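A short write-up of the structure that comes next.
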Amino acid sequence: MQRKPYFEQVYEVVRSIPVGRVTSYGAIADFLALGSARMVGWALRNMSQFETDVPAHRVVNRVGELSGRLQFSSPDYMQAMLEQEGVEVKNDQVVDFKKRFWHPEEG
């Protein structure tokens, strides 16, 4: 059985994050059991224009900060998208992060 490329594995996990929930780069890396949180960030930063179904705005750092916000077309995009999904953000950090956190093992 051929394994999917790492970036595609990351995108597949990110596509699974439910609306209104967030996960971390590290949780994705741990779930995939290869690479690191930085590699997950690299994969998301290097998405092609055709990967429009990957909700990268739902991936934050290990304490709930919107550390990837500067990689979007606007620094406010990530927060706006999360708030549109019902996730409260204050000072570039997810409010009630532990409550909103989704681990890929949840399926």
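Rounded if a/c is under 1.5, else prolate if a/b is larger than b/c, else oblate: which is the chain, with a ≥ b ≥ c the root eigenvalues of its Cα gyration tensor? Could you put the intermediate results ahead of the total?
Numbers: a/c = 1.79, a/b = 1.40, b/c = 1.27.
Note, shape of the chain comes out prolate.
Along the range 86-96, what does the Karplus equation 6.51 cos²θ - 1.76 cosθ + 1.60 (θ = phi - 60°) give for ³J(HN,Hα), rounded to whole Hz, x for Gly and Pro?
For the range 86-96, the Karplus-derived couplings read x, 8, 7, 10, 9, 6, 6, 9, 5, 6, 6 Hz, x marking Gly and Pro.
Divide by every residue of the chain the summed helix terms, -39500 (n - 2.57) for each DSSP H run of at least 4, and state the resulting mean residue ellipticity at 222 nm, rounded to the nearest 500 deg cm²/dmol. Walk me through the intermediate numbers first.
Numbers: 5 runs with 39 residues, N = 107.
When only DSSP H runs of four or more count, the value is -9500 deg cm²/dmol.
With +1 on the Cβ of every Lys and Arg and -1 on the Cβ of every Asp and Glu, and nothing else charged, how large is the dipole of the chain about its Cα centre, in debye rounded to the nearest 20?
240 debye
Are there any helices in the chain, counted as whole DSSP H runs, that stretch 20 Å or more along their axis by Cα and score at least -1.0 on average by Kyte-Doolittle, and if so which?
None clear 20 Å together with a mean of -1.0.
Check which residues have an amide H placed less than 5 Å from residue 60's amide H, if you skip close sequence neighbours.
Amide H to amide H, under 5 Å and 5 or more residues apart or across chains, residue 60 pairs with 23, 24, 25.
Values in this text are rule-based calculations from the coordinates and carry no lab data. None of the values given here were measured: they were computed from a predicted structure. Using ideal geometry, Cβ is built from the backbone for each residue, glycine included, and neighbour counts are taken over all protein chains shown.
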